Structure formats: C-alpha cells, structure tokens
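One structure below.
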Amino acid sequence: TAKNVIVVGAVDTLGRSNSFSSFGPTSDGRIKPDLSTYSMAGTSNATAVVSGSIILLQQLYDSLYNIKLSADAVRALLINSSSDVKDPGPDHKNGWGLLDLKAATQSVREYPVIQDTIGDDQRLWSTEFSIDESTAELSLTLAWLDLPGIPGTTEVLLNDLDLQFVVLHVLSAQVCS
C-alpha cells in the first residue's frame with residue numbers, strides 16, 4: 001500500500017504474471033503494481049531491471065535538458081510509455097503495462113516532461129502545447145507525490161488529482177481543387 005513508490009511486477013516470456021509476483025489492488029483501491037517486466041528470478045530481479053532503466057532515463061533526460069526528472073515524473077514516464085499486456089488498460093496483475101525502455105527513451109527525446117508544482121490553495125493549473133497535425137494518438141499521464149497518510153485513518157490518498165484535456169484550437173488544411 002506504499003505511496004510515492006514504483007511497485008514492479010514480474011512476467012514470464014509470454015507476458016503472463018508470474019505466480020510469485022504480488023498483485024493489487026491496494027487496500028484503498030489503487031492500481032499496483034505500477035508496471036511489470038520480464039523476470040524468472042523474482043520481483044527483486046524485475047525491480048532491479050526497472051531501477052537500472054530509471055537511471056539510464058535520468059541520465060538521458062539530464063544530458064538533453066539539463067534538468068533532473070522528479071520521482072513523480074519518472075513514474076509518469078514509465079507508465080505512459082509502458083506496453084499494454086493482454087486487455088487494454090491498467091489491471092491489478094501487470095499495472096499499466098510492461099516496461100518499454102525503447103518507448104520511454106523515444107518519449108524523452110521527442111517530448112520533454114512537464115514538471116510543475118501546484119500550491120495548497122490552487123484549484124486549477126493549465127499548460128498549453130502544440131501537436132503536429134499528423135499525430136494519430138496522444139497519451140497523457142498525470143502523476144504526483146502525495147502527502148503521507150494520517151495514522152489511524154482509512155483515508156490514504158490525500159490529494160486526488162484529475163486530468164482534463166481540452167482542445168483549444170484545431171488547425172485543419174483544406175485542399176482546393
């Protein structure tokens with residue numbers, strides 16, 4: 001039930017969750033694990049694979065943008081670039097999908113991660129960005145570091161943030177004959 005950590009599951013060569021891999025949901029209903037990766041040697045080995053991948057992504061991001069990725073930005077990047085397993089969408093056996101380091105690396109090179117802070121009294125935050133008209137698919141992931149839970153209460157998630165995507169302007173080209 002830990003918050004603000006990346007929980008890793010283990011899958012076999014066919015992408016099936018291994019019998020020794022833990023699964024969710026957490027006691028408060030959150031998706032866990034966050035993602036999975038191949039390992040026949042246990043979830044400790046799978047976690048080492050993900051940890052090594054994070055170091056490589058951190059190094060790449062810093063070399064390209066001279067900025068360190070925050071812990072929540074790393075989690076968002078891994079989730080956003082993961083490859084879905086079996087059924088579409090997240091599940092409590094494999095999380096948001098399989099670690100896809102190639103996709104994560106491509107994402108780092110093409111789309112800088114938006115990192116920002118929302119104040120305690122701030123109800124709305126927005127940003128604008130442009131996408132190319134040839135873009136067929138857009139994937140957005142919101143991640144944050146939540147405050148520690150209050151001992152003795154059942155409320156674990158203190159900040160429940162929502163992502164809303166609004167298209168402000170659409171440019172379309174018309175072909176004249």
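Exactly one residue out of 36, 107, 51, 19 is surrounded by fewer than 14 Cβ atoms within 10 Å (Cβ to Cβ), outside any loop (DSSP other than H, G, I, E, B) and either on the phi < 0 side of the Ramachandran plot or without any contact (Cβ under 8 Å) to a residue 12 or more places away in the chain (or both): that is 51. Assess whether residue 42 counts as being over 30 Å from residue 150 (Cβ atoms), under 16 Å from the mean Cα position of the chain (by Cα) and either hydrophobic (A, V, I, L, M, F, W, C) or open to solvent by less than 20 Å² (accessible area, probe 1.4 Å) (or both). Answer is no for this residue. It is to be established whether one or more residues within region 57-70 are hydrophobic (A, V, I, L, M, F, W, C), surrounded by 17 or more Cβ atoms within 10 Å (Cβ to Cβ), under 21 Å from residue 144 (Cα atoms) and under 12 Å from the mean Cα position of the chain (by Cα). No.
If the condition is being modelled with pLDDT of 90 or more, over 20 Å from residue 16 (Cα atoms) and not small (Gly, Ala, Ser), then region 81-118 contributes 102, 105, 106, 108, 109. Using the structure shown, decide if residue 86 is charged (D, E, K, R), touching a residue at least 40 places away in the same chain (Cβ under 8 Å), buried (at least 16 other Cβ atoms within 10 Å of the Cβ) and outside any helix (DSSP H, G or I). Criteria not met by residue 86.
Every listed requirement among (1) under 13 Å from residue 6 (Cβ atoms); (2) within 18 Å of the chain's Cα centre (by Cα) is met by residue 84 save one, (1).
The values are calculated or read from the model by the stated rules, or taken from the named source; none is laboratory data. Please read all numbers here as calculations on a predicted model, not as lab measurements. Neighbour counts are summed over all protein chains in view; Cβ atoms, including those assigned to glycine, are modelled from backbone coordinates with ideal geometry. Surface accessibility is based on the protein's heavy atoms, side chains included, excluding ligands, DNA and RNA. Shrake-Rupley method; radii C 1.70, N 1.55, O 1.52, S 1.80 Å.
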